[in-house]
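Working notes for the structure below.
The values are calculated or read from the model by the stated rules, or taken from the named source; none is laboratory data. Keep in mind that what you see is a predicted model, and the values were worked out from it rather than measured. Neighbour counts are summed over all protein chains in view; Cβ atoms, including those assigned to glycine, are modelled from backbone coordinates with ideal geometry. Side chains included, ligands, DNA and RNA excluded: accessible areas come from the protein's heavy atoms. Shrake-Rupley method; radii C 1.70, N 1.55, O 1.52, S 1.80 Å.
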Amino acid sequence: MYRVHGTCTLYGCQVAAERLSRATVAETALRLGDEQGLEAVTIRRLAQELGVTPMALYWHFKNKEELFLGVVDHALADVRADRSAADPWPVQLRSMVESLVEAMRRHPILPDLLHQSDKARANSFSRATEDVLVLLTQAGFTPQEGYWIGSHLLHGVIGLVHAQVETPPRNGGWEVNEWRRMRRIELECLPMDQFPMMVQIGATYAAEPDPERYYTFGVDLLMAGVESMARGRSAADPVSS
């Protein structure tokens, strides 16, 4: 940790900034946001966390908007396709979707950041979008259709992460096992003659949750729609396929 005491001179701030990489600042912002929410991510608070004055951070990010873009850019750095790979487009696209799921699971703040920032200005987001468009045009979609599909996949992943049904809502103050016990009681107490399937769902809360199965199932569901449409398009136009 690097500290700058007293008044930050131009030289002193430059030295502190050079010792702090953009990646270090972005990673700290992600951790702070994941732990305390997006409202906690400010230049001043980050400076306190990193042990420097706010002026040192302005060498990397001129304002909060640029900070958020830098954080998005850093968080999505691994969401990309390997265009040199011999894998077919569905395999590469699935890998990108899985990388996006992993990034959002690791950083719960990421969906809010994507909503609140001009994400199209983040290099990693634009690069990922370009990769998706390349893959989907290989599948027979037009660039516009590919853009629609990419948006659908992005928001599908956000919904998948936000709506994990086996866990309590974030910031609800619930202990997981107690929440699951209460949820099971709530569902199993429904009138069996009116809600037999909901009562069965209640019984599933007695078992330990399996988040990996949940996310695999969710990615399968998202990809199934894209692959089904691509197969239908190939069948309708066999010459182009």
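Computed values, structure above
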read-out	value
Residue among P88, I109, L20 farthest towards the positive dipole end of the chain, charges placed on Cβ	L20
Residue list for region 184-204, given a label point 7 angstrom along the Cα-to-Cβ vector of V165 and an amide N cut-off under 16 Å	184-190, 195-204
Net dipole in debye of the chain [+1 Lys, Arg Cβ; -1 Asp, Glu Cβ; about Cα centre; nearest 20]	680
Radius ratio Rg over Rh of the chain, counting only Cα atoms, Kirkwood formula for Rh	1.08
Alpha-carbon Rg/Rh ratio, for region 100-173, with Rh computed the Kirkwood way	1.04
Relative contact order (%) - the chain, alpha-carbon pairs under 8 angstrom, separation at least six	16
Helical mean residue ellipticity (222 nm; -39500 (n - 2.57) per DSSP H run of 4+; nearest 500) of the chain	-21000 deg cm²/dmol
Karplus (6.51, -1.76, 1.60) ³J(HN,Hα), θ = phi - 60°, over region 56-64, in Hz, Gly and Pro reported as x	5, 6, 5, 5, 9, 9, 6, 7, 5
Accessible area expressed per residue, the chain, with surrounding protein chains retained (probe 1.4 Å, Å²)	58
